[in-house]
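The values are calculated or read from the model by the stated rules, or taken from the named source; none is laboratory data. Everything numeric here is computed off the predicted structure, so don't read it as measured data. Quick reminder, even Gly has a Cβ in these numbers, built from the backbone with ideal geometry, and neighbours come from all protein chains shown. With ligands, DNA and RNA removed, areas are computed over all heavy atoms of the protein, side chains included. Shrake-Rupley method; radii C 1.70, N 1.55, O 1.52, S 1.80 Å.
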Amino acid sequence: IDVLINNAALAIDGNFLEKSKEEFMKVLEVNLVGPFLLIQKLYDLIKNSKIINIASTDGINTYSKLSMDYSASKAGLINLTKSLALELESAKVYALCPNWVNTESIREMNPDYLEEEMNRIGQKKLIEPKQVSKKIIEIIENDIDTGSIIVMED
């Protein structure tokens, strides 16, 4: 394996007091535990690979009270990236952290909520998936320090 991209993500937005343990854990399992287990299971095949974990600015500074489990999982993925950069001596591990990306799930979101969130964090427009793809290619093609956290804002 030359490149491994951990891009699966789940958000279950909801009020803190109404969020169940099951919902919280499901988000952590998909967004944080999944990449950990995949990298662990593929260890022998990724020794000289580039691993790109798709995190989010929500793991750094744009978190929302309705998605604290998502934000916590992405912060954990960023930390996992740093730890794996130390552990996997010959692989290079990165976290790519975009703001809001123009995906189907985002387009299906309540537009008023999305506009409010984008205004709250100062994002002027959605990041296009092609921009994310270009950034991934840039990471793959360049010699970037392992453990790097790459932020994508609009």
Close pairs from the stretch 112-126: first of a type in the set (S, T, N, Q), partner not in a loop (DSSP other than H, G, I, E, B), Cβ under 9 Å, at least 6 apart: Gln123/Thr57; Gln123/Glu117
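To keep it simple, each residue is scored yes or no on (1) in contact with a helix residue (DSSP H, G or I) (Cβ under 6 Å, 6 or more places away or on another chain); (2) open to solvent by 40 Å² or more (accessible area, probe 1.4 Å); (3) under 24 Å from Leu37 (Cβ atoms).
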residue	(1), (2), (3)
Lys65	no, yes, no
Tyr94	yes, no, yes
Ser105	no, yes, yes
Lys135	no, yes, no
Given (1) in contact (Cβ under 8 Å) with a residue 40 or more places away in the chain; (2) open to solvent by 30 Å² or more (accessible area, probe 1.4 Å); (3) under 25 Å from Ile140 (Cβ atoms), number of the condition Glu89 does not satisfy: (1)
Out of Leu114, Leu77, Leu84, sole residue that is at negative phi, touching a Pro at 6+ places or on another chain (Cβ under 7 Å), of a type in the set (A, V, I, L, M, F, W, C) and in a helix (DSSP H, G or I): Leu77
Inter-residue pairs, beta-carbon under 7 Å, first in contact (Cβ under 8 Å) with a residue 40 or more places away in the chain and buried (at least 16 other Cβ atoms within 10 Å of the Cβ) and in the stretch 1-21, second among the hydroxyl-bearing types (Ser, Thr, Tyr) and part of a loop (DSSP other than H, G, I, E, B), 6+ apart: Leu4/Ser49
